[in-house]
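Worksheet: one structure, shown below.
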Amino acid sequence: MEIIEEKNNIRLRALDSFVPKHIFECGQSFRWNFDGMGYIGVVGDKVMRVVEDGKDIIFEGCNVDDFYDTWIDYFDLDRDYGSIRSKLIEFDSIMKKATVFGYGIRLLNQDPWETLISFILSANNNINRIKKTIENICMIYGDKILWRGQEYYTFPSPTILANSDIDTLRRCGCGYRDRYILETAKKVVENEAKLYSLRMLSYDEAIDFLLKFSGVGPKVADCVALFSLGKYEAFPVDVWIKRIVEALYFEREEICKEDIKRFASNKFGDYAGFAQQYLFYYARENHIGNG
DNA sequence: TTCCAGGTATGCA
DNA sequence: TGCATACCTGGA
């Protein structure tokens, strides 16, 4: 990867395995939106647009300091995804197709707190409404950022949400999950450092801790573990991945979620999380598992 | 009008 | 422990 500093931009040349559409539409994040030119997102207190320019990737509105301080880790740029795909291809022909199709996927290292709240909101919900609700929460409780003439908002801290109220959260569109958000925020505030130290614990220890939060079950805990704690053995099983695995591996036979997870853990081991993302993107884009 | 959407909490046997 | 059921809400 060659890093070229341009005026207000960072240009990345010869960057392997990086396709914005693959990264932002494989189900791992809710705050990146395509604006016709690229994907704009808010991470921490930074706004950036990711644009494809031929074989280059441009991080618009990014300086060198931010690139090294924030974005290398966020986009997992130090990891060799080519070797991950090579490893996955060894498992079976299904994974081969999925990794060839979604060759530009990367797992983002997102903020655990934001990921926790976002996926609590995802329960029994649809993606458009989840995104809208998160934006509402940020507009009401976050800090305003002006970026190229447009207003963006940070994701509010645990303390701010812990001091919020049910009625306002309900008006943001949380629905019955408002109570889970408030209870979880209060619990996180009691020991915020612990949430950020889960990265150092084992997968099982991290999951045990996450399951104690209100509104967090096995699926949400796995999403937080995979998308913000670097627990790549996690394999979140939602209704989509359940249908996808049934369609691709079990000739559409009905399998319970626990058995799907067990199957994936046994088969893919420490690569389960990567496998989940390639499978999810491949199947969703090709309408596999839709019935 | 009814049903469904990236699950979880709750009550009951 | 295992199963059934309710749950906000907006769009199809």
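Has the stretch A:49-71 got any residue that is in a helix (DSSP H, G or I), of a type in the set (Gly, Ala, Ser) and either more than 16 Å from DNA strand C (Cβ to nearest atom) or touching a residue at least 40 places away in the same chain (Cβ under 8 Å) (or both)? I'd like the intermediate steps shown before the answer.
Taking the stretch A:49-71 as the starting set, the residues that turn out to be in a helix (DSSP H, G or I) are A:64-71.
Among the residues that remain, those that are also of a type in the set (Gly, Ala, Ser) are: none.
Scanning the stretch A:49-71 turns up no residue that is in a helix (DSSP H, G or I), of a type in the set (Gly, Ala, Ser) and either more than 16 Å from DNA strand C (Cβ to nearest atom) or touching a residue at least 40 places away in the same chain (Cβ under 8 Å) (or both).
Taking the stretch A:149-173, which residues are touching a helix residue (DSSP H, G or I) at 6+ places or on another chain (Cβ under 6 Å) and near DNA strand C (Cβ under 8 Å from one of its atoms)?
Answer for the stretch A:149-173, where residues must be touching a helix residue (DSSP H, G or I) at 6+ places or on another chain (Cβ under 6 Å) and near DNA strand C (Cβ under 8 Å from one of its atoms): A:170, A:173.
Somewhere in the stretch A:241-253, is a residue under 24 Å from residue A:284 (Cβ atoms), surrounded by fewer than 15 Cβ atoms within 10 Å (Cβ to Cβ) and acidic (Asp, Glu)? Show your work before the answer.
From the stretch A:241-253, those under 24 Å from residue A:284 (Cβ atoms) are A:241-253; that's our starting set.
Adding the requirement that they be surrounded by fewer than 15 Cβ atoms within 10 Å (Cβ to Cβ) leaves A:250-253.
Still in the running and acidic (Asp, Glu): A:251, A:253.
Within the stretch A:241-253, one or more residues are under 24 Å from residue A:284 (Cβ atoms), surrounded by fewer than 15 Cβ atoms within 10 Å (Cβ to Cβ) and acidic (Asp, Glu).
When you check residue A:208 against the structure, is it among the charged types (D, E, K, R) and farther than 16 Å from residue A:262 by Cα, yes or no? Before the answer, list the steps.
On the way: among the charged types (D, E, K, R): yes; farther than 16 Å from residue A:262 by Cα: yes.
Yes: the conditions hold for residue A:208.
I'd like the full set of residues that are of a type in the set (Lys, Arg) and at pLDDT 95 or above, limited to the stretch A:1-43. Walk me through it before giving the result.
As a first pass, look at the stretch A:1-43 and keep what is of a type in the set (Lys, Arg): A:7, A:11, A:13, A:21, A:31.
Scanning the stretch A:1-43 gives A:11, A:13, A:21, A:31.
Mind counting the residues in the stretch A:93-122 that are without any contact (Cβ under 8 Å) to a residue 12 or more places away in the chain and not in a helix (DSSP H, G or I)?
Of the residues in that region, 0 qualify.
Residues that are in contact with a Phe, Trp or Tyr (Cβ under 6 Å, 6 or more places away or on another chain) and buried (at least 22 other Cβ atoms within 10 Å of the Cβ): does the stretch A:176-190 have at least one?
Looking through the stretch A:176-190, at least one residue is in contact with a Phe, Trp or Tyr (Cβ under 6 Å, 6 or more places away or on another chain) and buried (at least 22 other Cβ atoms within 10 Å of the Cβ).
Considering only helices (runs of 4 or more DSSP H) fully contained in the stretch A:189-282, which possess at least 2 residues that are free of Cβ contacts under 8 Å to residues at least 60 places away in the same chain, under 14 Å from the mean Cα position of the chain (by Cα) and more than 13 Å from DNA strand B (Cβ to nearest atom)? Lay out the reasoning, then the answer.
Values: elements: A:192-197, A:203-210, A:218-228, A:239-249, A:257-268.
The helices (runs of 4 or more DSSP H) meeting that bar number zero.
Do any residues in the stretch A:169-187 that are within 13 Å of residue A:140 (Cβ to Cβ) and in contact (Cβ under 8 Å) with a residue 40 or more places away in the chain have Cβ atoms under 7 Å from those of residues that are within 14 Å of DNA strand B (Cβ to nearest atom) and part of a helix (DSSP H, G or I), where the two are at least six apart or on different chains, and which pairs are they?
A:173/A:129; A:173/A:132; A:173/A:133; A:174/A:121; A:174/A:133; A:174/A:181; A:181/A:117; A:181/A:120
Can you find even one residue in the stretch A:112-120 that is within 16 Å of DNA strand B (Cβ to nearest atom), closer than 21 Å to residue A:228 by Cα, among the acidic types (Asp, Glu) and surrounded by 17 or more Cβ atoms within 10 Å (Cβ to Cβ)?
Of the stretch A:112-120, the ones within 16 Å of DNA strand B (Cβ to nearest atom) are A:112, A:114-120.
Cutting the leftovers down to closer than 21 Å to residue A:228 by Cα gives us A:112, A:114-120.
Subset that is among the acidic types (Asp, Glu): A:114.
Filter again for surrounded by 17 or more Cβ atoms within 10 Å (Cβ to Cβ), leaving A:114.
Yes, the stretch A:112-120 contains a residue that is within 16 Å of DNA strand B (Cβ to nearest atom), closer than 21 Å to residue A:228 by Cα, among the acidic types (Asp, Glu) and surrounded by 17 or more Cβ atoms within 10 Å (Cβ to Cβ).
If a residue has to be charged (D, E, K, R), at pLDDT below 95, away from DNA strand C (no atom under 16 Å from the Cβ) and in contact with a helix residue (DSSP H, G or I) (Cβ under 9 Å, 6 or more places away or on another chain) to count, how many in the stretch A:236-291 make the cut?
6
The values are calculated or read from the model by the stated rules, or taken from the named source; none is laboratory data. Quantities reported herein were computed from a predicted structural model and do not represent experimental measurements. Ideal geometry is used to build each Cβ from the backbone, glycine not excepted, and the neighbour counts take in all protein chains shown.
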